[in-house]
Amino acid sequence: MTTHSQVKGKKKGFFTHLKFPSAYTILFILIAFVAALTWIVPAGQYDRVLNEELGKEVPVTGTYHAVEANPQDPIDVLLAPIDGFYNHDTYEAAAIDVSLFILIIGGFLGLVTKTGAIDAGIERVTAKLYGREELMIPILMGLFAAGGTVYGMAEESLPFYTLLVPVMMAARFDPLVAAATVLLGAGIGTLGSTINPFATVIAANAAGIPFTDGIALRIIILVVGFIICAAYVMRYAKKVRADKTKSVVYDMYEENQKHFLSNKSEDNLEFTTTRKIILTLFGLSFAVMIYGVSVQGWWMAQISAMFLGSSIIIGLIARMSEEEFTTSFIDGARDLLGVALIIGIARGIVVIMDRGMITDTILNSAEHLVTGLSSVVFINVMYWLEILLSFLVPSTSGLAVLTMPIMAPLADFAGVGRDLVVTAYQSASGVVNLITPTSAVVMGGLAIARVPYIRWLKWVAPLLGLIILLTMIVLSIGALFI
């Protein structure tokens, strides 16, 4: 899942002297900035009518009119993040509901990780592929991509760098192959999120549409993007295996051999029947979530209860003590506390904008900017705008609740489905979070694998170009034909 920790320590090259503020600081600055705008930007509103298909009121183009100003003061700025957690007209669910769900699923993931079932499953796969090591790359990338598209796998992927680097080096690959397998695998899954509650669900909720809308195009991006990424990594891995001097970290070859292989332990995580059952329940939990949301009309409370129940069952199957169970669950929830908090903070921006009566004024300005643009140009401009914003707010959930309430209504004016705007947002956020130095996943994973950040940028740049081109083509097709 995507969280928002600021990477600490020195960064090499250009980033050595560059200090990036955390997403929390950026969002608080934006809240204060927007509050200042309420003293400058004219207040105004659109007339709204009920959209039967969406089941929500939407602004009517051409009906914008001035209203009495309501400028926001410093007290309002402090109240905004708190009020952001409660029900607000822009959203179908309160941020507090989403935040509690995030904490519970964090506990669930922490518990499953504690059992060792995931580690054992990966080791089982590598053992089965002995002598056909190249096949590990698409298989493992596929597993990580599944985690990315289902629940936004991110920080919880970091332990796998330690596991996979020695395995890949023993197969005569290099540490970059291991890093790319994890980072690109989970990354392309998150970029092509289908049911990811931390990206697609939150963004769709903020846009006022079901998260299943637009899923076909996201599956296309996910599948084609995965094939491109897997082929790119496999091509590089084969080159390195044939000639180790082709490695981008060849100058560190001897050092890496000593670091990763000289002390490699022989202990194996046995793939026991218990761990098989736990992995089965792990996957089944997400399948039940899909069924509950799509068929039974579940939302955050019911989904949270289901994951809580799954956690209890897995704890019993793993024969955990009460202390071990609660500690593992709380530690997992703690890891996602930042995600839960940032949702309320980011929604505080919209609280200030709405109470200051400038939300519709901004929409009115944007309406004029996109007037006359074709649907294809509109959605591609939207995509690049989200890319730029993603560098400022690397949190997928934070970016969703920050931009979707503003961007999604613009689609109504441009004749583009709101689901396409959600797809543009998550694809933009996904591609940026493969390289942004404000991400603990990028910087932490590369540090574990001992791959210098600048070399990663140089190696991955052509692949990013292909992914961006793929996304723009899919978005353009969606704008033209859907």
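The values are calculated or read from the model by the stated rules, or taken from the named source; none is laboratory data. For clarity, every value in this text was computed on a predicted model and none was experimentally measured. Neighbour counts run over all protein chains shown; Cβ positions are idealised from the backbone, glycine included. Note: areas computed on protein heavy atoms with side chains; ligands, DNA, RNA excluded. Shrake-Rupley method; radii C 1.70, N 1.55, O 1.52, S 1.80 Å.
With the radius of gyration and the Kirkwood radius both derived from the Cα set of the range 424-482, what is their ratio Rg to Rh?
Using only Cα positions, Rg/Rh for the range 424-482 is 1.10.
Filter LYS128/LYS244; LYS114/LYS458; LYS246/LYS276 down to the pairs with a C-alpha to C-alpha distance above 27 Å, please.
Too far apart for the 27 Å limit: LYS114/LYS458; LYS246/LYS276.
Would you mind getting me the FRET efficiency between SER321 and LEU284? Use the beta-carbon distance for r and R0 = 30 Å, nearest 0.05.
0.75
Sorted by mean Cβ packing within 10 Å, highest first, what order do the peptides 42-49, 140-147 take?
Packing order, densest peptide first, comes out as 140-147, 42-49.
Stretch ILE277-LEU308 to full length: gain in nm at 0.36 nm per residue minus the Cα-Cα span? Let's see the in-between values first.
Numbers: separation 31, 0.36 × 31 = 11.16 nm, distance 1.73 nm.
Residue separation times 0.36 nm, minus the Cα-Cα distance, leaves 9.4 nm.
I want the local charge near LEU284. Using Cβ-Cβ distances under 15 Å, sum +1 for each Lys or Arg and -1 for each Asp or Glu among the other residues.
+2
Sorting check: for 412-423, 441-452, which peptide has the highest mean count of neighbouring beta carbons within 10 Å, and how do the rest follow?
Details: 412-423: 23.8, 441-452: 21.3.
In descending order of packing, they fall as 412-423, 441-452.
With a 1.4 Å probe and every protein chain kept in, tell me what percent of the accessible surface of the range 297-438 is carbon plus sulfur.
Carbon-and-sulfur percentage of accessible area, whole number: 69.
For a quick size check, give me the Cα extents of the range 412-458 along its three principal axes, largest first, whole Å.
48, 18, 13
Give me the number: length gained by fully extending HIS368 to VAL60, i.e. 0.36 nm times residue separation minus the C-alpha to C-alpha distance, one decimal in nm.
109.5 nm
Sort 188-199, 271-282 by packing, meaning the average of other beta carbons within 10 Å per residue, with the highest value first.
In decreasing order of mean packing, 188-199, 271-282 become 188-199, 271-282.
Quick check on the range 312-470: what does the Kirkwood estimate of hydrodynamic radius come out to from the alpha carbon pairs, in Å? Numbers along the way, then the final one.
Details: mean 1/r = 0.0542 Å⁻¹.
Kirkwood hydrodynamic radius for the range 312-470: 18.5 Å.
Distance in nm between label sites at LYS128 and VAL376, each 7 Å beyond Cα in the beta-carbon direction?
With each label point 7 Å from Cα toward Cβ, the separation is 4.4 nm.
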